[in-house]
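FYI, it's all coordinate maths here, none of it is from the lab. Quick caveat: nothing in here was measured; it's all calculated off a predicted structure. Note: ideal-geometry Cβ built from the backbone for every residue, glycine included; neighbour counts use all protein chains shown.
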Amino acid sequence: MDIDFSLVLVILVAVTGLIWLFDALFLAKGRRQLVTEAQTQSSVELDEDTLDKLAPEPVLVEYSKSFFPVLALVLVLRSFLVEPFQIPSGSMLPTLKIGDFILVNKYHYGIRLPVVGTKVIPMNNPERGDVMVFKYPDNPRINYIKRVVGLPGDRIRYANKQLTINGEPAALELLAELPSQRGMRRLLNEQLGDTEHQIYIDKTMPRQPAEWIVPEGQYFMVGDNRDNSNDSRFWGFVPDELIVGKAFAVWMHWKSWGSLPSFSNNGSIQ
């Protein structure tokens, strides 16, 4: 079952904040009155421990006051600044490996409200070559990560393992031919806009030529592992309202519980 952590976090912040507010407005006054009366009636000065026992703070209120500031800070950081993700599949190989923990800039493409994703402060638009996290259009509860290939208005063609954008083939440079589960695959450098990055192409997996025109306000996303990626070539475009943020760094690699975390490949994402 997919859990919408953003929604859970918003609910927790709202509940703990409302409990704290309700206590401050209504319950705390009664406790202060009990303490004042006890001090007035006592012939000796009462210490703080005794006063706390006379008018104890409800456990729910105590926990809410403790957790609310922490949860609110996490919500602000995660919703508006930086959010961590783990790479679950090999669709972005060789750029990102299964088990990579990445950081995503949540404000680069504009400030959005948590959960609903409505953009309230526009900033930068996605650029060709960006590695972007977005909500999967067929199931927005799932986050995907791919590379921005097509911008609004672009004509994209994919034929013979070659991307062509507005009639211009993306520059490719062969780096190596490597064995794979399906035979041989090629490791290439690809140039998209100002971004140079590496991609994998399987030699033994032909694809039918196809062409798309990117609608206004939408983007064409493709994985770097070209023959092993479920992307816009199969399910279409990504609307602006489904954008989560720009992936900018790998901070840890941890493939499974049976392995040790590694920090050897930390760095910026190209």
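Points to keep in mind about this one:
- For segment 228-270 and segment 110-130, distance of Cα centres in Å: 18
- Cα gyration tensor, segment 87-268 - rounded (a/c under 1.5), prolate or oblate: oblate
- Using θ = phi - 60° and Karplus 6.51 cos²θ - 1.76 cosθ + 1.60, couplings along segment 157-174 (whole Hz; Gly, Pro as x): 10, 10, 8, 6, 6, 10, 7, 10, 10, 6, x, 10, x, 5, 5, 10, 9, 6
- The calculated FRET efficiency for the pair R207 and I11, based on their C-beta separation and a Förster distance of 45 Å, comes to about 0.55.
- Listed by chain and number, the lysines whose alpha-carbon sits under 23 Å from that of K146, ignoring those within fewer than 8 places in the same chain, are K97, K106, K119, K135, K161, K203, K246, K255.
- Once C-alpha pairs closer than 8 Å and six or more residues apart are averaged by separation and normalised to the residue number of the chain, the relative contact order reads 19 percent.
- FRET efficiency, 1/(1 + (r/R0)^6) with R0 51 Å, evaluated for Y63 and S259 via beta carbons: 0.90
- Evaluated with a Cβ-only charge set (Lys, Arg +1; Asp, Glu -1), the chain carries a dipole of roughly 920 debye about its Cα centre, given to the nearest 20.
- Cα long-axis angle, helix 5-22 against the chain (0 to 90 degrees, to the nearest 10): 20
- For the chain, the longest principal axis of the Cα atoms and the long axis of helix 59-76 meet at an angle of about 30 degrees.
- Nearest-ten-degree value, helix 28-41 long axis tilted from longest Cα axis of the chain: 30
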